[in-house]
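*Asks:* Structure in structure tokens, see below.
The values are calculated or read from the model by the stated rules, or taken from the named source; none is laboratory data. Not measured: the values here are computed from a predicted model. Please note: Cβ atoms are built from the backbone with ideal geometry, for glycine as well, and neighbour counts cover all protein chains shown.
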Amino acid sequence: MENERKVIILGSGCAGLTAAIYAARANLAPLVIDGHEPGGQLTLTTMVENFPGFPEGILGPELMENMRKQAQRFGAEFVSGAVTSVDLGKRPFTVAVGKDSYACHALIIAAGASARLLGLESERKLIGHGVSTCATCDGYFFRGKEVVVVGGGDSAMEEGIFLTKFATHVTIVHRREEFRASKIMLDRARRNEKIRFLTPFTVLDVLDAAKQAVEAVKIKNLKTGEVSTLAADGLFVAIGHEPNTAIFRGQLDMNDAGYLITRKGTQTSVEGVFAAGDVQDRVYRQAVTAAGSGCMAAIDAERYLEAQHR
């Protein structure tokens, strides 16, 4: 097949680009398919201060661009677009990107997971400018400030508790009076003096997109219908993540939430198919852990190909 490669990597975030660097340095000439979000979630952030090696921090898009250039330097090739279908039932594996089709002997899935958002236009405009989906990533920037967390599960409680290390107060807004969070996490949040709860409320808008900064959150009481404005310096959306694994359903083992199941490192349920980053990690979801698993996947793929004499 004309477009046959030794390795194809799906996704160009931290996991995908690290896998590309390692695979390229192993002379595997990997093909990287960018996906829906070229550069991954870090392209939606501003300053990244917890990635090792940058004592003054680095802008998320700049970090991704540097990693991309590093992979290209060693021979990685990039194709823009999102994968529309994959056939893992025969070898070589085939990957379709629109009208184009590619084949490979080893496949690394680093398609990531997308944070669920509220669907507000202002929210989209303010991502990286006061709106965040990761307290661990961005909490430091809200030292001494007032923040709002939206959600009612364990993730929202964890985000809220973590943010109390920096913020003056944390308000957790949830659309129901009962919570999906486990009792232990909910009790822990309720015991924290810096956290207060607003239920049953929904967020209608984030102010002020025109100023490229969060100044307040417009909320609605779902019981009374009353609309009010809550002053805030930041909004953290913690309503879950969706792993980008829909095209692999029925072909690879995944858990109930759709995350790919890996064993013996990064190996999936199909020999020769490896998974790295947020597509298989629902616990840590950090740039550095994604990069680490991308390294692992590339090494696993290299060893697999050597055993196959490819």
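*Asks:* Output yes when any residue across segment 120-140 is without any contact (Cβ under 8 Å) to a residue 24 or more places away in the chain and not assigned by TED's automatic domain parsing to the domain that holds Ala301, and no when none is.
*Replies:* Just the residues of segment 120-140 that are without any contact (Cβ under 8 Å) to a residue 24 or more places away in the chain, to begin with: 124.
Restricting the remaining residues to those that are not assigned by TED's automatic domain parsing to the domain that holds Ala301 gives 124.
Looking through segment 120-140, at least one residue is without any contact (Cβ under 8 Å) to a residue 24 or more places away in the chain and not assigned by TED's automatic domain parsing to the domain that holds Ala301.
*Asks:* Scan segment 99-141 for residues that are closer than 16 Å to His36 by Cα, in contact with a Gly (Cβ under 6 Å, 6 or more places away or on another chain) and either surrounded by fewer than 21 Cβ atoms within 10 Å (Cβ to Cβ) or of a type in the set (A, V, I, L, M, F, W, C) (or both) and report the count.
*Replies:* Number of matching residues: 3.
*Asks:* Which number in (1) buried (at least 18 other Cβ atoms within 10 Å of the Cβ); (2) in contact (Cβ under 8 Å) with a residue 60 or more places away in the chain; (3) not polar (S, T, N, Q) marks the one condition that Glu242 misses?
*Replies:* Condition not satisfied by Glu242: (1).
*Asks:* Can you pull out every residue in segment 259-304 that is surrounded by fewer than 21 Cβ atoms within 10 Å (Cβ to Cβ), in a loop (DSSP other than H, G, I, E, B), within 18 Å of the chain's Cα centre (by Cα) and at pLDDT 95 or above?
*Replies:* Answer for segment 259-304, where residues must be surrounded by fewer than 21 Cβ atoms within 10 Å (Cβ to Cβ), in a loop (DSSP other than H, G, I, E, B), within 18 Å of the chain's Cα centre (by Cα) and at pLDDT 95 or above: Tyr259, Ile261.
*Asks:* Here is a further query. Residues to consider are Val147, Val206, Val214; find the one that is buried (at least 18 other Cβ atoms within 10 Å of the Cβ) and either over 26 Å from Ile58 (Cα atoms) or modelled with pLDDT under 95 (or both).
*Replies:* Details: Val147 fails: either over 26 Å from Ile58 (Cα atoms) or modelled with pLDDT under 95 (or both); Val214 fails: either over 26 Å from Ile58 (Cα atoms) or modelled with pLDDT under 95 (or both).
Only one candidate qualifies: Val206.
*Asks:* Ok, one more. Any residue that is assigned to a helix (DSSP H, G or I), within 23 Å of Val283 (Cβ to Cβ), in contact with a Phe, Trp or Tyr (Cβ under 6 Å, 6 or more places away or on another chain) and not acidic (Asp, Glu) - is there at least one of those in segment 122-138?
*Replies:* Step one: list which residues in segment 122-138 are assigned to a helix (DSSP H, G or I), which gives 122-126, 135-138.
Next, only the ones that are within 23 Å of Val283 (Cβ to Cβ) stay: 135-138.
Next cut, in contact with a Phe, Trp or Tyr (Cβ under 6 Å, 6 or more places away or on another chain) only: 135.
Then keep just the ones that are not acidic (Asp, Glu); that gives 135.
Yes, because at least one residue in segment 122-138 is assigned to a helix (DSSP H, G or I), within 23 Å of Val283 (Cβ to Cβ), in contact with a Phe, Trp or Tyr (Cβ under 6 Å, 6 or more places away or on another chain) and not acidic (Asp, Glu).
*Asks:* Pull up segment 1-46, narrow it to residues that are of a type in the set (Ser, Thr, Tyr) and assigned to a helix (DSSP H, G or I), then point me to the one that is surrounded by the fewest Cβ atoms within 10 Å (Cβ to Cβ). Full working, then the answer.
*Replies:* Within segment 1-46, the first condition is being of a type in the set (Ser, Thr, Tyr), and the residues that meet it are 12, 18, 22, 43, 45-46.
Among the residues that remain, those that are also assigned to a helix (DSSP H, G or I) are: 18, 22, 43.
Details: Thr18: 28, Tyr22: 23, Thr43: 18.
Checking each candidate, the answer is Thr43.
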